[in-house]
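Here the structure is laid out as C-alpha cells; the discussion comes afterwards.
Rule-based calculations on the coordinates, nothing more; no lab input. Here the structure is a predicted model, which means the values were calculated and not measured. Please note: Cβ atoms are built from the backbone with ideal geometry, for glycine as well, and neighbour counts cover all protein chains shown.
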Amino acid sequence: AQKVTQAQTEISVVEKEDVTLDCVYETRDTTYYLFWYKQPPSGELVFLIRRNSFDEQNEISGRYSWNFQKSTSSFNFTITASQVVDSAVYFCALSELGGATNKLIFGTGTLLAVQP
Amino acid sequence: DVKVTQSSRYLVKRTGEKVFLECVQDMDHENMFWYRQDPGLGLRLIYFSYDVKMKEKGDIPEGYSVSREKKERFSLILESASTNQTSMYLCASSSQLTGWELGTQYFGPGTRLLVL
C-alpha cells in the first residue's frame with residue numbers, strides 16, 4: 001500500500017533558523033511523483049514542488065531546498081533562514097499514477113511555527 | 001494562473017439540512033477532487049471526477065454525493081448534514097495531459113463547514 005509519513009507534527013523555530021521537514025514514503029511503483037504543499041492560516045493549499053521518481057537531483061529555490069533520496073524513500077524539505085511568513089502547515093504527498101486521475105496520497109502535515 | 005474557487009469560505013448549517021458545496025476551476029482541467037481535512041488526519045479524498053458526469057468514490061464517500069454536469073464545476077452534496085461532517089472541505093483540479101503538470105493538483109481556498 002502507498003503511504004506518506006510526516007513524523008513531525010509540530011515544529012517551532014526562531015526566525016533566521018534553518019529547519020528541515022521530514023517526509024518518508026512507501027510505494028511499490030517504480031514511477032511516481034512526490035509533492036510538497038504549503039497551507040498558510042488562510043487555508044488554501046499552495047503547490048511548492050513536484051519531483052519525478054527518476055530525478056534524484058536536489059532542488060533549490062531561494063530559501064527552499066528539497067532533498068530526494070530513493071534509497072531511504074525520503075523527500076525532505078529545508079527552509080533556510082526561516083521567516084515568520086513561513087509559518088504554515090506543510091504537506092508532503094505521493095502521486096498514484098494509475099489511469100488519468102493521478103490521485104494524491106497526503107501525509108498528515110507538519111505545523112511550522114516561526115517565532116519572531 | 002490556475003484558479004480554483006469555492007462558493008463559500010464559511011458555512012453554518014443545522015443537522016439534517018441538505019448542503020451544497022460548489023467548486024469551479026478555470027483551467028479546463030479534466031480531473032476534479034473533493035477532500036476533507038481534519039486535525040491529525042491530513043487530507044482525505046471523498047470523491048473525484050475524471051470527466052463530465054463521471055465520478056468515483058474516494059476513501060471516505062459515506063454521507064456524501066457529487067455532481068459534475070459541466071467540466072468546470074464539481075459539486076459536493078451532503079444529503080443530510082450531521083455534526084461529524086463539521087470539517088474543512090477542499091476542492092482541487094488537475095490536468096490529464098502528460099508533461100510537467102502531470103499529477104499536480106491545484107486547490108481552492110477551502111470551505112469551513114460547521115454543522116450544529
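For this structure, a couple of remarks:
- The chymotrypsin sites (Phe, Trp or Tyr not before Pro) found in the stretch A:35-99 that occupy coil by DSSP, while having at most 11 further C-beta atoms within 10 Å, are A:F54.
- For chain B, the calculated P(r) over all alpha carbon pairs, in 10 Å bins from 0 to the bin holding the longest distance, is 15, 49, 30, 6, 1 percent.
- Alpha-carbon centroids, the stretch A:52-116 and the stretch B:39-116: separation in whole Å: 22
- Simple point charges give the picture: +1 on the Cβ of Lys and Arg, -1 on the Cβ of Asp and Glu, and for chain B a dipole about the Cα centre of about 400 debye.
- With a cut-off of 12 Å between beta carbons, the residues surrounding B:F20 carry a summed charge of 0, where Lys and Arg count +1 and Asp and Glu -1.
- Those lysines that a straight Cα-Cα span of less than 18 Å connects to A:K3, excepting residues fewer than 8 apart in one chain: A:K70, A:K103
- Electrostatic bookkeeping for A:A81 treats Lys and Arg as +1 and Asp and Glu as -1; over the other residues with beta carbon under 15 Å from its beta carbon, the sum is -2.
- Other residues with beta-carbon under 13 Å from the beta-carbon of A:T20 carry, at +1 per Lys or Arg and -1 per Asp or Glu, a net charge of -3.
- Per residue of B:4-13, other chain Cβ atoms within 10 Å of the residue Cβ number 1 on average.
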